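Q: Dropping the structure in here first, questions after.
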Amino acid sequence: MKSFSAALAAALLLGAPSAALAQAGAKGAVKVGVLLPLTGNTAWAGKTNRIAAAIAAEEVNAQDLAGGYKIELVFGDSQCEPRAAHDQAQRLISQEKVQLLIGEWCSSASIAVAQVANDEKIPLLVNISTADQIAGDAGPYAFQSSMQNRYAQQREAALLQKDFKFDTVAIIVENNDFGLTFRKNMTALMQKAGKKIVLDITQDRNDTNWYSTITRIPNAKPDLVIVSISAVQAANFVKQYAEAGITTPLFSDYPPPPRIFERQVGAQAGKIGLTRAAFFIESDANTPAQKEFVGKLKARVQKDLNEDHHPTHWDIASYDAVRLVADAIKRGGPKPADYLKAMGATKLDLVMGHYEFDAERVVKPEGLNFLIIRNRPDGTLEVVQ
Amino acid sequence: MSRRILLIAAVAILAALPLTFGTFWINMVITALIFSLAVFSVNLLTGLTGLLSFGQAGFVGIGAYTLGVLAKQGHPPILAGLYGVLLAMLCGFLLGLPAARLKGHYLAIGTLGFGILVYQLLTNSVEVTRGPMGLIGIPTGGVDRQTWYLIMLSVCLAVLAALAYIDRYSALGVILKMVRHDEIAAQASGINTFAVKLIAFTVSAGLAGLSGALFAAYVRFLTPDLFNEQESFRYMMMAVVGGIGSPLGGIIASLMLTMIPEGLRMLGEDNYRLLVYGTMVLFVLWFLPSGIGGLIDRLRR
Amino acid sequence: MLTQILINGLVLSGSYALVAVGLTLTFGVMRMVNFAEGQSVMIGAFVAYTTVPYVGYVGAIAAAMAVNAVLGIILERTAFRPFRGVELNGLIASMGMSIILINVAELVWGTTPRPFETLYNETSINFGTVGISVQRLICVAASAAILLGLWWLVQYTSLGRKFRAVSEDHETASAMGIDVNQVSRLALVIGSMMAASAGALTGPVNMIAPDMGRTEMLNAFAAIILGGFGNVNGTILGALLIGMIQSLGAVYISNAYSTSIAFGLLVLTLIFFPRGLVPERVDENV
């Protein structure tokens, strides 16, 4: 008898989760469009972002995290290019009939997507682009879940004042929106702190030759060089900086994520002792959620792309975005007005940290992961803050 | 006579077809038509007058940003668009002054330089254009897509007709073509080839500016990346595939080369689709040396 | 600082010259601009990057040149020979090839920018405040050597004479028994090989990625204008000028407009010298 009731209990218990699964999707599927660069010069980042988002959707559906709705992701290749982003956003909305949007990666493409989302009245979650004005410019349908440039830069300025002894500073930026806002914000912050700016250079972002700029540094004799140069150009700059044998301390606004950047110019960065901001780095200090994510993503990328991948904060942003969308659906449902209200009331702990939005629909920076790291000469990274 | 009526009926049906399309495809048609205005500017400048230009994206950008900036400041969009076209024409004139003395590939590279200069100006004049931060929410909304399609169709047909008239019936057309074929003979006949080239530059810049203004009004956002030299190359590519001297071929090429890559998406969100695109361009060039326009001419006969 | 700027300019010029000379050779012989040249540079860089672990740096440069030689033959057949007489179509055809090459590269190597490491990246030679990394020094030296070799080829060998003959008047050259097709093919092969060397030499200076070819071309164009289309010596000088102007301009005028500076000066030059600084000897048929 005992074994029978045990078996019955076991059968009931086993049956219970599948009953719950039968609930998931009972309210139907919600199509969510995701715009990412899947071809073109940023595809190396977009491809893994896509996988991270897909993992999130699978979990949402398996664990019924969307309040009975099933999430169906539809991807659009926006190539980090405004025209393609515009057309793809259109396609996802009118052909694929997505009800919600996530994207994009590059700021110029995000502008295009934001415009379309606003016109079509489709809620958009800007999850990777950190441009300062997007959520505001794009109107009431856009939320931004990535830490905005100015918050990142405030933290960077605070660190600089605390950890570096300097009276004169050189500011070198690219003429894209990161670089220009960095220059604007940092100039104001530096002047307020009484530091003298001895060199102020804005370089064309398509120009890979940094030698001219670097040549001017020893002449201006700054105590510290701060730069905002993104992705590949950052690696080019660091390489040329190291080769020029300059010993002035160098601080950088976030170049490509750790590991990718280290693979490119780790030795040079170590030689300089580069200090930089980063949103995420794989380490023992990671939260359990982060460690779990790293494991999942690495395994899947190994399986799908046969690559040994080190998760980047863009991957995390893609994953978290899908989870944020699911959570808002759970609390409010997929209809725009309710969804937007629910999104505004978000209080959720995900891989990047704690998500809450302010009155302007921008994520509050306090809860999110943000570190300052430094390259040691032996090639390893240390977390400064 | 009845054959003519049939042709007109077919064209009318074809023209009305997009009105039945879903949002996505009608959007493709509209952007293709806007694009073809820039292609027309190449047809006029290079096809008709024989002047190579790789800087047309500069004029498109000038037209677009003038409308965008002025409209956002509160000016009525139509007026802003008009200013855009006029400013583009002025720049075309100014570029023409030195450029009219250049020949062949020197002209091509010179105009390329102009295009790059405009692109960098748009990117760096952050106070005016917001540079890489871009312009969002240009206040030209409230016009539905079907209306946009009819607007673009009318504009394109008007320009097509005008170009056809210039090409076949007007003295200006003859003069332009003479300058293309044999500049020295033209000069010997007493034609002020310098003035002629200047006119060609100015008018074609205006066309390109019109394309830009309409683009800004339609998509309602702008970033400088939309007007880099790759765009200029694309206009030239479209024009040659369509047949450099054939605006009709140009509009067809524009429609085809915009819609076919979209259709190719079924091959996957991958590089293969772009490989097919490049190969298609090559195939057209190999087998249709006068482009699509040449094919049409042959079919006519 | 001025010395450093001039040295920077010299390094730039070296790489521009390699690309520009390839373009000018092709133009001289075929009267068409090879828009796929930038991608030839990119492919050369990637082939060198892939083969360095197996054959060392010098071997990698040779491998890159070999692959590009084949590429040159393919280009000649697909994008140039069919369009003799309709040069504009040839230009567009090379654009089409350019699209194909970029996407092939993306498929083969992926789009992640990679560091092209050689033994010479780390060490620098410094004289006081002026420094140049050994890699860049090799760039300059190798460019000079290759260009010298090409100059000798064009001036003193029979192949060079054929190039010059076809450049001046390919109908007469053909009538005199020169196989114009073969000369064209060779021009494209040599041009692509030079692009390969440019890629293999300058690749280690920065990251390499499939889209790196786009900006290479623009500067090469500027050099050709100054030096004269089809004129190898002039082009080398033009590249020198452009490299120096860019280097000086970036420091003394503006970094944000760096590409425009070279082109701006170019447009200015063209205003006063509409045929370039070294006009080609093209007789116009009246």
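The values are calculated or read from the model by the stated rules, or taken from the named source; none is laboratory data. Because the structure is predicted, anything quoted here is derived from the model rather than measured. So basically every Cβ, Gly included, is an ideal-geometry build from the backbone, and we count neighbours across all protein chains shown.
Q: Would it be correct to say that A:L65 is more than 10 Å from chain B (Cβ to nearest Cβ) and surrounded by fewer than 24 Cβ atoms within 10 Å (Cβ to Cβ)? Steps first, answer last, please.
A: Details: more than 10 Å from chain B (Cβ to nearest Cβ): yes; surrounded by fewer than 24 Cβ atoms within 10 Å (Cβ to Cβ): yes.
Criteria met by A:L65.
Q: Which pairs have Cβ atoms under 7 Å, sit 6 or more apart or on different chains, and link a residue in the stretch C:125-145 that is within 13 Å of chain A (Cβ to nearest Cβ) to one that is of a type in the set (K, R) and assigned to a helix (DSSP H, G or I)?
A: Here the result reads none, with nothing in the stretch C:125-145 linked to a residue that is of a type in the set (K, R) and assigned to a helix (DSSP H, G or I).
Quick grid of which residues meet (1) away from chain A (no Cβ under 13 Å); (2) surrounded by 24 or more Cβ atoms within 10 Å (Cβ to Cβ); (3) within 12 Å of the chain's Cα centre (by Cα):
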site: B:A208; (1), (2), (3): yes, yes, yes
site: B:A216; (1), (2), (3): no, yes, no
site: B:R220; (1), (2), (3): no, no, no
site: B:L226; (1), (2), (3): no, yes, no
site: B:G245; (1), (2), (3): yes, no, no
site: B:I252; (1), (2), (3): yes, no, no
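Q: Kindly establish whether A:A109 is buried (at least 23 other Cβ atoms within 10 Å of the Cβ), facing chain B (nearest Cβ under 9 Å), closer than 26 Å to A:V60 by Cβ and at pLDDT below 90. Walk me through it before giving the result.
A: Numbers: buried (at least 23 other Cβ atoms within 10 Å of the Cβ): yes; facing chain B (nearest Cβ under 9 Å): yes; closer than 26 Å to A:V60 by Cβ: yes; at pLDDT below 90: yes.
Criteria met by A:A109.
Q: Collect the residues in the stretch C:54-105 that are within 11 Å of chain B (Cβ to nearest Cβ) and among the β-branched types (V, I, T), keeping them in residue-number order.
A: C:T78, C:V86, C:I92, C:I99, C:I100, C:I102, C:V104
Q: Also: For A:T181, indicate whether it is under 30 Å from A:N219 (Cα atoms), β-branched (V, I, T), within 14 Å of chain B (Cβ to nearest Cβ) and surrounded by 19 or more Cβ atoms within 10 Å (Cβ to Cβ).
A: Against the criterion (under 30 Å from A:N219 (Cα atoms), β-branched (V, I, T), within 14 Å of chain B (Cβ to nearest Cβ) and surrounded by 19 or more Cβ atoms within 10 Å (Cβ to Cβ)), A:T181 qualifies.
Q: Of the residues in the stretch A:80-91, how many are within 9 Å of another protein chain (Cβ to nearest Cβ) and touching a Leu at 6+ places or on another chain (Cβ under 8 Å)?
A: So the count comes out to 2.
Q: Give just the number: which of (1) part of a helix (DSSP H, G or I); (2) more than 7 Å from every other protein chain (Cβ to nearest Cβ); (3) farther than 20 Å from C:A223 by Cβ; (4) of a type outside the set (S, T, Y) does C:G22 not satisfy?
A: For C:G22, the exception is condition (3).
Q: Does the stretch B:128-146 contain at least one residue that is over 21 Å from B:C91 (Cβ atoms), more than 7 Å from every other protein chain (Cβ to nearest Cβ) and part of a helix (DSSP H, G or I)?
A: yes
Q: Taking the options C:I245, C:I224, name whichever one is within 21 Å of B:G115 (Cα to Cα), over 13 Å from the mean Cα position of the chain (by Cα) and β-branched (V, I, T).
A: Answer to the check: C:I245.
Residues are listed down the side, and each one gets a yes or a no for (1) at positive phi; (2) of a type outside the set (V, I, T):
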| residue | (1), (2) |
| --- | --- |
| A:E96 | no, yes |
| A:L100 | no, yes |
| A:S107 | no, yes |
| A:E120 | no, yes |
| A:T130 | no, no |
| A:I134 | no, no |
| A:G139 | yes, yes |
| A:Q148 | no, yes |
| A:A152 | no, yes |
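Q: List pairs: first in the stretch A:293-315 and without any contact (Cβ under 8 Å) to a residue 60 or more places away in the chain, second among the aromatic types (F, W, Y), Cβ under 6 Å, 6+ apart or cross-chain?
A: Short answer, once both residue conditions are applied: A:H313/A:F279; A:H313/A:F280.
Q: Which pairs have Cβ atoms under 8 Å, sit 6 or more apart or on different chains, and link a residue in the stretch A:185-210 that is more than 30 Å from C:I208 (Cα to Cα) to one that is hydrophobic (A, V, I, L, M, F, W, C) and in a loop (DSSP other than H, G, I, E, B)?
A: Taking only residues 6 or more apart or on different chains, the pairs are A:K195/A:F166.
Q: Pairs only if they're at least six apart or on different chains, beta carbon under 6 angstrom, first in the stretch C:99-112 and touching a residue at least 24 places away in the same chain (Cβ under 8 Å) and among the small types (G, A, S), second buried (at least 20 other Cβ atoms within 10 Å of the Cβ) and assigned to a helix (DSSP H, G or I); list them, first residue then second.
A: Sorted first by the residue in the stretch C:99-112, then by its partner, the pairs are C:A105/C:P210.
Q: Let me ask something else. Among the residues that make up the stretch C:110-117, is at least one of them more than 30 Å from A:I246 (Cα to Cα) and more than 8 Å from chain B (Cβ to nearest Cβ)?
A: yes
Q: Right, next: What are the residues in the stretch A:244-280 that are among the β-branched types (V, I, T) and either under 18 Å from the mean Cα position of the chain (by Cα) or part of a loop (DSSP other than H, G, I, E, B) (or both), if any?
A: A:I246, A:T247, A:T248, A:I260, listed by residue number.
Q: Restricting the first residue to the stretch A:112-137 and requiring it to be more than 7 Å from chain B (Cβ to nearest Cβ), which pairs with a second residue that is assigned to a helix (DSSP H, G or I) and among the basic types (K, R) meet a Cβ separation below 6 Å and a spacing of at least six or different chains?
A: A:D132/A:R150
Q: Continuing with this model, one more query. Given the options C:G72, C:G59, C:G90, C:G28, name the one that is at pLDDT 90 or above, buried (at least 22 other Cβ atoms within 10 Å of the Cβ) and either of a type in the set (G, A, S) or under 20 Å from B:V276 (Cβ atoms) (or both). Break it down into steps so the answer makes sense when it comes.
A: On the way: C:G59 fails: buried (at least 22 other Cβ atoms within 10 Å of the Cβ); C:G90 fails: at pLDDT 90 or above; C:G28 fails: at pLDDT 90 or above.
So the residue among C:G72, C:G59, C:G90, C:G28 that is at pLDDT 90 or above, buried (at least 22 other Cβ atoms within 10 Å of the Cβ) and either of a type in the set (G, A, S) or under 20 Å from B:V276 (Cβ atoms) (or both) is C:G72.
Q: Looking for whichever is assigned by TED's automatic domain parsing to the domain that holds A:S318 and buried (at least 17 other Cβ atoms within 10 Å of the Cβ) here; the options are A:V301, A:V225. Which one fits?
A: Values: A:V225 fails: assigned by TED's automatic domain parsing to the domain that holds A:S318.
Sole residue among the options that is assigned by TED's automatic domain parsing to the domain that holds A:S318 and buried (at least 17 other Cβ atoms within 10 Å of the Cβ): A:V301.
Yes/no per residue for (1) in contact with a Phe, Trp or Tyr (Cβ under 8 Å, 6 or more places away or on another chain); (2) among the aliphatic types (A, V, I, L, M):
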{"site": "B:I5", "(1), (2)": "no, yes"}
{"site": "B:L17", "(1), (2)": "no, yes"}
{"site": "B:T20", "(1), (2)": "no, no"}
{"site": "B:T23", "(1), (2)": "no, no"}
{"site": "B:A32", "(1), (2)": "no, yes"}
{"site": "B:A38", "(1), (2)": "yes, yes"}
{"site": "B:G47", "(1), (2)": "no, no"}
{"site": "B:L51", "(1), (2)": "yes, yes"}
{"site": "B:L70", "(1), (2)": "yes, yes"}
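Q: Any residue at all in the stretch A:193-200 that's within 14 Å of chain C (Cβ to nearest Cβ), within 20 Å of A:L274 (Cβ to Cβ) and either outside any strand (DSSP E or B) or polar (S, T, N, Q) (or both)?
A: No, the stretch A:193-200 contains no residue that is within 14 Å of chain C (Cβ to nearest Cβ), within 20 Å of A:L274 (Cβ to Cβ) and either outside any strand (DSSP E or B) or polar (S, T, N, Q) (or both).
Q: Right, another one. Is it the case that the stretch B:34-50 has a residue that's over 20 Å from B:L176 (Cβ atoms) and among the hydrophobic types (A, V, I, L, M, F, W, C)?
A: Yes, because at least one residue in the stretch B:34-50 is over 20 Å from B:L176 (Cβ atoms) and among the hydrophobic types (A, V, I, L, M, F, W, C).
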